[in-house]
Each structure stands twice: as C-alpha cells, then as structure tokens.
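Heads up: the structure comes next, in structure tokens.
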Amino acid sequence: MKTIHMYVYHRDTPYVVDLPEPKYAYHIEHNKKGQTTYRIEKEGCTIHESTVYKRLHFLGIIDKQGPTIGNCFTHNDYRGHGIYPAMLNLITNKLLVEEQVPEVFVIVDVHNTPSIKGIEKAGFTLYATVKTKRFLFFYLNQEVHYGA
C-alpha cells in the first residue's frame with residue numbers, strides 16, 4: 001500500500017497570466033487511451049513533456065472530473081527557463097477555449113516545490129490537498145483539505 005500526499009490545483013479561466021509561448025516547437029501525440037502528450041524535442045532529446053488525461057480516477061476523491069495535466073517532465077539542462085509554466089499555460093488555454101472544458105486540473109506531490117512554483121506561475125490555484133493510501137485502484141483513509 002502506497003501513501004500519496006498531493007496538491008490538486010485547478011484553473012477555470014483562460015489567459016489569466018501573460019506568459020510567452022514556449023520558445024521551442026512542440027508536437028502533440030494522441031494515444032488510444034484518450035491521452036494527449038505535448039512534447040518538445042531538440043536534437044533527438046526530449047526537453048519537456050506534459051500529458052493530458054481526459055479523466056482521472058484520483059479526482060473522484062474530491063468529487064471532480066475533468067482534464068488533468070500530469071506526468072510532466074523537463075530535462076535538467078532546461079529547468080529554470082520557464083518552459084513548464086509556458087506549456088501549462090498553452091495547454092490549459094487550448095482546453096478551456098478550443099475544447100470548452102469548464103476547468104483544468106494539475107496534480108503534484110506536496111514536496112515538489114519547483115513544479116508547484118511553475119504551476120502557480122501558470123495561473124493555477126490550490127483547490128485541495130489530498131492524503132490517502134492507494135491499494136491497486138482503491139484509495140483508502142482519505143484526508144481532504146480544501147483551499148490553501
């Protein structure tokens with residue numbers, strides 16, 4: 001059984017922050033599970049990757065559903081360049097405007113301070129803190145605190 005302690009951030013308004021478009025070209029891949037991955041590559045190396053999940057079982061803990069951006073990665077050599085918040089902003093604006101979803105979520109470990117800074121820079125606000133234990137597909141002993 002694994003203990004999970006996560007922040008759930010959300011954003012429901014497009015264009016709330018004025019971040020520049022990513023400096024690098026990105027491409028989008030769709031898979032059979034309905035996931036969409038945004039990837040930046042340079043000279044065969046993945047610089048950044050973010051995946052959008054249409055539905056995530058974890059959000060059921062807070063009685064929410066909606067697209068969730070997760071499994072984000074920025075190569076060590078490119079961290080601190082604003083790529084992560086720029087990509088979060090770009091993806092979120094696309095979802096809110098083009099796909100007209102009501103809100104977008106990002107889930108992050110409470111100890112991942114660099115990612116939290118990028119998420120907040122991209123205009124997301126803390127919706128809930130969730131501490132739970134995961135066993136297979138079940139979440140047990142759920143503790144939820146809403147807001148900051």
- Task: Could you please report the charge total around residue 96, scoring K, R as +1 and D, E as -1 over all other residues with beta-carbon less than 12 angstrom from its beta-carbon?
- Result: -2
- Solvent-accessible ranking of 146, 38, largest area first, probe 1.4 Å: 146, 38
- To the nearest Å², the heavy-atom accessible area per residue of the chain with 1.4 Å probe amounts to 59 Å²
- Dipole magnitude (debye, nearest 20) for the chain, charges at Cβ of Lys, Arg, Asp, Glu: 480 debye
- Note on the structure: Carbon plus sulfur, as percent of the 1.4 Å-probe accessible area of segment 35-121, comes to 44 percent
- Message: For 87, 6, 1, give me the order by solvent-accessible area with a 1.4 Å probe, most accessible first, ignoring ligands, DNA and RNA.
- Response: 1, 6, 87
- From the backbone phi of segment 131-148, what are the Karplus-calculated ³J(HN,Hα) couplings (6.51 cos²θ - 1.76 cosθ + 1.60, θ = phi - 60°) in whole Hz, Gly and Pro given as x? 10, 7, 10, 10, 10, 6, 9, 10, 10, 10, 6, 6, 10, 10, 10, 8, x, 6
- Whole-Hz ³J(HN,Hα) from phi, Karplus 6.51 cos²θ - 1.76 cosθ + 1.60, for segment 68-80, glycine and proline x: 10, 8, x, 6, 7, 8, 10, 4, 3, 5, 10, 6, x
- Message: Please give the Cα centre distance for segment 17-38 versus segment 70-148, rounded to the nearest Å.
- Response: 15 Å
- Query: Relative to the first principal axis of the alpha-carbon coordinates of the chain, what is the inclination of helix 83-93, with its axis defined by its Cα atoms, in degrees from 0 to 90 and to the nearest 10?
  - Reply: 80 degrees
- Message: Suppose we keep just the alpha-carbon trace of the chain; what are its Rg and Dmax in angstrom?
- Response: 15.2, 46
- Task: Scan around residue 47 for amide H atoms under 5 Å from its own, H built in the peptide plane at 1.01 Å from N, and keep only partners 5 or more places away or cross-chain.
- Result: 40, 41, 42
- Query: Of 74, 123, 60, which is farthest on the positive side of the dipole of segment 58-148, counting Cα position, with +1 on Lys and Arg Cβ, -1 on Asp and Glu Cβ, and the Cα centre as origin?
  - Reply: 74
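The values are calculated or read from the model by the stated rules, or taken from the named source; none is laboratory data. Computed from a predicted structure; not experimentally measured. Using ideal geometry, Cβ is built from the backbone for each residue, glycine included, and neighbour counts are taken over all protein chains shown. The protein model used for the area step is the full one, side chains on, heavy atoms only, and it has no ligands, DNA or RNA in it. Shrake-Rupley method; radii C 1.70, N 1.55, O 1.52, S 1.80 Å.
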